[in-house]
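Undergrad: Next up is a structure, given as structure tokens.
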Amino acid sequence: MNITIGSDHGAVQLKETVKTVLSEYPDIHVTDVGTFGTASVDYPDIAEKVCADVTSGKADRGIVLCGTGLGISIAANKIKGIRAALCNDVFTARMSREHNNANVLALGGRVLGPGPAGEIVRVWIETEFSGAERHQRRINKMMALENK
């Protein structure tokens, strides 16, 4: 699985933690699109880079991080084809994959500690979409909203 990850300055430290968690999976290749320091950057630019890899097929999934996870998740969801889920707990992470087939995970660097973030990432990586007809029908309706 290929995962592209990116954060703004408010979540660089948590991004490094997430990359360490992802390194536990030998079949995951991670591409980091930045930022790499604490100098201020705009999270929409990072969301665009991560989501471009997901929508082009270069990445199977993406992970985006900012201070709260809110701004970068909103920015990611503006990009056609993206279903970004802001997850602050394991249950939400599981449901985002199982029911919504989320292709981007959003996390907040100033909201989550390394332990909970690691648990969320593991569950999000390991959970597959259920494929249930009712969930697919709802996803199709969500994605159709992009064309209205």
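We did not get these values from a lab; they are worked out from the coordinates using the rules stated. Keep in mind that this is a model prediction, so the values were computed, not measured. Cβ placement follows ideal geometry from the backbone for every residue including glycine, while neighbour counts extend to all protein chains displayed.
Undergrad: Residue by residue through segment 20-31, which ³J(HN,Hα) values in whole Hz follow from phi under the Karplus form 6.51 cos²θ - 1.76 cosθ + 1.60 (θ = phi - 60°), with glycine and proline marked x?
TA: 5, 4, 4, 5, 5, 9, x, 8, 9, 10, 10, 10
Undergrad: Can you give the helix-only mean residue ellipticity at 222 nm for the chain, where every DSSP H stretch with n ≥ 4 adds -39500 (n - 2.57) and the sum goes over all residues, rounded to the nearest 500 deg cm²/dmol?
TA: Calculated from helices alone, the mean residue ellipticity at 222 nm is -14000 deg cm²/dmol.
Undergrad: Still on this structure, I have one more. Order of His29, His99 from fewest to most other C-beta atoms within 10 Å?
TA: Fewest-to-most ranking of His29, His99: His29, His99.
Undergrad: Right, something else. Would you work out which of Asn147, Val41, Val111 lies farthest towards the positive end of the dipole of segment 2-147? Charges go on Cβ: Lys and Arg +1, Asp and Glu -1.
TA: Asn147
Undergrad: Something else about it: Quick one: which residues, 5 or more positions from Ile63 or on another chain, have an amide H under 5 Å from its amide H? H modelled 1.01 Å from N in the peptide plane, none for Pro or chain starts.
TA: Those lying under 5 Å, H to H, from Ile63 are Thr4, Ile5, Gly6, Leu105.
Undergrad: Mean projection of the alpha-carbon convex hull of segment 1-102 over all orientations, in nm²?
TA: Numbers: hull surface 23.8 nm².
If you wrap the Cα atoms of segment 1-102 in a convex hull and average its projections, you get 5.9 nm².
Undergrad: Just the Kirkwood number for segment 59-148, please: inverse of mean 1/r across all distinct Cα pairs, in Å, one decimal.
TA: The Cα-based Kirkwood calculation yields 13.2 Å.
Undergrad: Under a Cβ-Cβ cut-off of 15 Å, what is the net charge of the residues other than Gln13 that fall near it, where Lys and Arg count +1 and Asp and Glu count -1?
TA: Numbers: positive: Lys15, Lys19, Arg110; negative: Asp8, Glu16, Asp32.
Computed value for this residue: 0.
Undergrad: Could I ask something else about it? With a 10 Å Cβ neighbour count serving as the proxy for reagent exposure, in which order, fewest first, do Asp8, Asp27, Asp32, Asp45 appear?
TA: Asp27, Asp45, Asp32, Asp8
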